[in-house]
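The values are calculated or read from the model by the stated rules, or taken from the named source; none is laboratory data. Quick caveat, the model's predicted, so the values are computed rather than measured. Glycine gets a Cβ as well: all are built from the backbone with ideal geometry, and neighbour counts include every protein chain shown. Protein only, heavy atoms only, side chains kept; ligands, DNA and RNA dropped before computing areas. Shrake-Rupley method; radii C 1.70, N 1.55, O 1.52, S 1.80 Å.
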Amino acid sequence: MYSSSAYGDASETFKGTSNQEGQRHENGDMAFLGRAARKVGVCRPALSPLFRCASRCYSTSPEPTSEKSVPYEKVLKQEEGLSGPTKPLPESAEAVVIGGGSLGCQTVYHLAKMGMTNVVLLERDRLTAGTTWHTAGLLWQLRPSDVEVELLAHTRNVVSTDLEQETGLHTGWIQNGGLFIASNKQRLDEYKRLMSLGKVYGIESHVLSPAETKDLYPLMNVDDLYGTLYVPKDGTMDPAGTCTTLARAATARGATVIENCPVTGIQVHADDLGVKRVKAVETDHGTIQTPCVVNCAGVWAAKLGQMAGVNVPLVAMHHAYVVTERIEGIQNMPNVRDHDASVYLRLQGDALSVGGYEANPIFWDEVSEKFAFSLFDLDWDVFMQHIEGAINRVPALEQTGIKSTVCGPESFTADHKPLMGEAPEVRGYFLGCGFNSAGMMLGGGCGRELAHWIIHGRPEKDMYGYDIRRFHHSLTNNNRWIRERSHESYAKNYSVVFPFDEPLASRNMRKDPMHKLLLDQGCVFQERHGWERPGWFTPHGPAPVLDYDYYGAYGLSKNTNHKYSDLLGEEYTFSFPPHHHVIQEECLNCRNAVAVFDMSYFGKFYLVGPDSKKAADWLFSADVNKAVGSTVYTCMLNQKGGAESDLTVSRLEPGSTPSPLAPKFEGDGYYLAIGGGVAQHNWCHIQTVLQNEGFRCQLLDHSEDMGMISIQGPKSRDLLLELLDTDLSNESFPFSTHKLVKAAGHEVRAMRLSFVGEMGWELHIPRDSCVPVYQAVMAAGAKHGICNAGYRAIDSLSIEKGYRHWHADLRPDDTPLEAGLAFTCKLKSSIPFLGREALEAQRKRGLRRRIVCFTINEKVPMFGLEAVFRNGQPVGHLRRAEYGFAIDKTIGYGYIRNPDGGVVSPDFVRSGKFTLERMGVAYEATAHLKSPFDPENKRVKGIY
């Protein structure tokens, strides 16, 4: 029952619960999909004339089946009468994994494979119980994420090759291929993007015409298709076969798998520094002493978190599919995802399983402890919308009977991504849950990364998108946020992934003091970390984000006149959006005059205490111990030399009067300014390092106490001379310095920095002073042509200058040497710092990959994930791309490799002929080793 989520895909419903062996309707008759839907047309208004449905309104035979059973030959439900653990509990273990579903089994397997043999898996019932046992088990290799493509590839290798080689057992893997359906141009464009990315990873895929699709899948209706994406080596996994084989392989390496052993408590203790750590796992059959617990308990993960005081932000929902009777001619067909109909068709021998995602899923609010190998009754009112889509795609289904229904519990999260990594609340408490119906297909890759995380302190890949620390701590126990955001993510699961989409659920959670002023001036906000931050400014008046309407589900009225939602809809394109020229105006105003950016969502921390200098030397790759008044751009690294963060660190003068601008401290003190979307990650990283090293320091969070505005452009100095009571000349206020000054009579901390490549200053302002200082800046800037600008402009301006964005072109699996940031590393000094040894070893070996800037002459947008070819060979992909308005070109950054595995030298870059592939079309590209805009770095110094 403690099982991770595991649908390859599926769908929802409601009513009571019953065991798997549900009884078939007494007359043994199966409902035909089409006829059953039409029979009840008299009961209520319909989705369409043909497919009217409501299960409680059936009045004539054939009635919908009451059979509830999964379409697998083998399930692991135990015989009645068995009780007690299947093995004795050890007294201690290096790690205890809780939950015997896909993630639990994959994690214990990979832990054992990496050498941790004294590891225990505890399952309260039998392996796969809870959610994994009824999964659809689909595996699709292509996703709009390079990391997910890599994770899926590893899962596929494990289930198709590795396990069979290790155990001699077949996992049940079937390679029948996958077919994505496009009913419109934008969907086909998305598939073409996936195809281009797949070329980088050697994944075979083909964009097919409707006629070619019909040849491949003769039973398919292709009349309404634009095309399809066919991936021949996609396939299907068997949950029981996979999990039992994983357990067998893990046990052979020394792991212990114990079933029928519910966990009743988790002991936590405080160490000498007051840090909470895992101590033991309690059961009714004994206690296991352990420093590490891994929560792989699926929909039951939240309760397991409560045992240790850990927030696990997920919700449980019903998720369903139906299994058809035999369909002549369906054998050997690929699995199908018809995203626009929100339905999937999984090959099941000579039948199909049909499921999908709907806008009105049913929440399972009272999660039962005893729900192991049980299923819910299917609510046809909710589910029948998927039948309509399925019959449209495969018309033969209209005359096909429904053999059984499968409706079970599944866990979903706020962004439809899993919850992984060490919990911020308790050291040694790891999460591997909330897999949003993808626990089977992501299980192998995520199990390996989680095992590496546990053993080595961090994963090998960039797992920030799954890391629990991506969520601010104020949100992870906010029930409204969890419920609304999880619903929206579920309802939009099959939506096209557009580059600039924003959520509508649970907005306006965190607002800075300028929010209302900017909203009234047409600010179109983005959401990051709960904060509302400026995206861009529409000239057509306010566009507020309205309260979430659940897309009109559950009898709620759908929002009308929602201007913000309408503006988002205009961005649902892979071409330039209609307001492309508005962002251009913001960018060029910054380049030619002056712009003001509200960056108040930034994380603002102070590092103080007796060991703060030691901590700063160890934490930061750059030498931040310069003179008081200095500000240094630096990275924080992990042991492998990967960049966990980039930030600015300002050396402070000791003060005796505490304020948001200067806390009371003695000795050394530092002010840290960090991108707000990753503030929680940074906070946790710093705290973890301080705890690991035993530094006596305090990390103080003043993010909510201060605002921050950045005034950038050639006229910024002229503007600020009217407001600040200090000399702003290069001699008195050079780049990378800061001062406490008065701005329009209010004390602020002014920093001469730029994230856009212009002369400019940031003003860090106490919360109560934000509005008057902002108003004074706008008033003084009017004669200089000032404009408001948002983060869409920052994205363009920063890439044009060659500045990195953390978690885009700078990630935890990128080193500063690879990222062109060697200048942030104090390698010429003798000062030790975290990650130094790895960087020195890499420098000695030579770089096997390197970041490169590319520009193209054609006026087409790129967004990242475009394939990079050198002399006709794939060598990487773009991590980030924008349009640069000053150079009037599309510009992108990506890491490239040498196909021969050799060093990627500057000469390797200069000597190659590069092309970028966008949606299957190749564009000649120019490679740059320096930024094509202001390569001599004059503008930030005020030299125009």
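Observations on the structure shown:
- Residue 83 sits with roughly 100 Å² accessible to a 1.4 Å probe, with DNA, RNA and ligands left out of the calculation.
- Amide H contacts under 5 Å for residue 814, placed H, 5+ residues apart: 643
- Sparsely packed trypsin sites (Lys or Arg not before Pro) within region 251-332, loop by DSSP, other Cβ within 10 Å at most 15: 326
- Apportionment of accessible area to carbon and sulfur, the chain, percent (1.4 Å): 48 percent
- Computed with a 1.4 Å probe over protein heavy atoms only, the accessible surface of region 685-821 comes to 32 Å² per residue.
- A convex hull fitted to the Cα coordinates of region 853-898 yields 70 cubic angstrom per residue.
- Using the average count of surrounding beta-carbon atoms within 10 Å as a protection proxy, the listed peptides 406-419, 485-498 rank, highest first, as 406-419, 485-498.
- The length gained by stretching the chain between residue 94 and residue 859 to full extension, at 0.36 nm per residue less their Cα-Cα distance, is 269.8 nm.
- Take the Cα radius of gyration of the chain and divide it by 2.2 N^0.38 Å, N being the number of residues; the result is 0.96.
- Region 796-860: GluC sites (Glu not before Pro) falling in loop per DSSP and having at most 14 other Cβ within 10 Å: 858
- Take the Cβ atoms of residue 718 and residue 501, set R0 to 56 Å, and the FRET efficiency comes out at 0.90.
- Hydrodynamic analysis of region 306-464 uses the Kirkwood radius over alpha carbon pairs. Inserted into Stokes-Einstein at 10 °C and 1.306 mPa s, it gives a translational diffusion coefficient of 89 µm²/s.
- Net lengthening on full extension, residue 580/residue 204 (0.36 nm per residue, minus Cα-Cα): 131.9 nm
- Nearest 10 degrees, 0 to 90: helix 380-393 Cα axis against the chain principal axis: 90 degrees
- The Cα-based radius of gyration of region 744-886, divided by its Kirkwood radius, gives an Rg/Rh of 1.06.
- Against the chain, whose longest principal axis comes from its Cα atoms, helix 479-491 is set at around 60 degrees.
- Residue 425-residue 630 pseudo-label distance in nm [points 7 Å out on the Cα-to-Cβ vector]: 4.2 nm
- Unit Cα scatterers, Debye sum, region 112-217: log10 I(q)/I(0) for q = 0.21, 0.23 Å⁻¹: -1.29, -1.38
- Taking all pairs of distinct alpha-carbon atoms in region 580-734, Kirkwood radius in angstrom: 17.2 Å
- Dimensionless Rg ratio for region 186-319, taking C-alpha atoms and the 2.2 N^0.38 Å reference: 1.69
- 0 to 90° range, to nearest 10: angle between helix 679-693 axis and the chain longest Cα axis: 80 degrees
- Dipole orientation for the chain: of the candidates 323, 188, 98, 188 has the Cα lying most toward the positive pole (charges on Cβ; Lys, Arg +1; Asp, Glu -1).
- Helix-only mean residue ellipticity at 222 nm for the chain, each DSSP H run of n ≥ 4 adding -39500 (n - 2.57), per residue, nearest 500: -7000 deg cm²/dmol
- Counted residue by residue at 0.36 nm each, then reduced by the alpha carbon distance between them, the extension gain from residue 170 to residue 554 reaches 133.8 nm.
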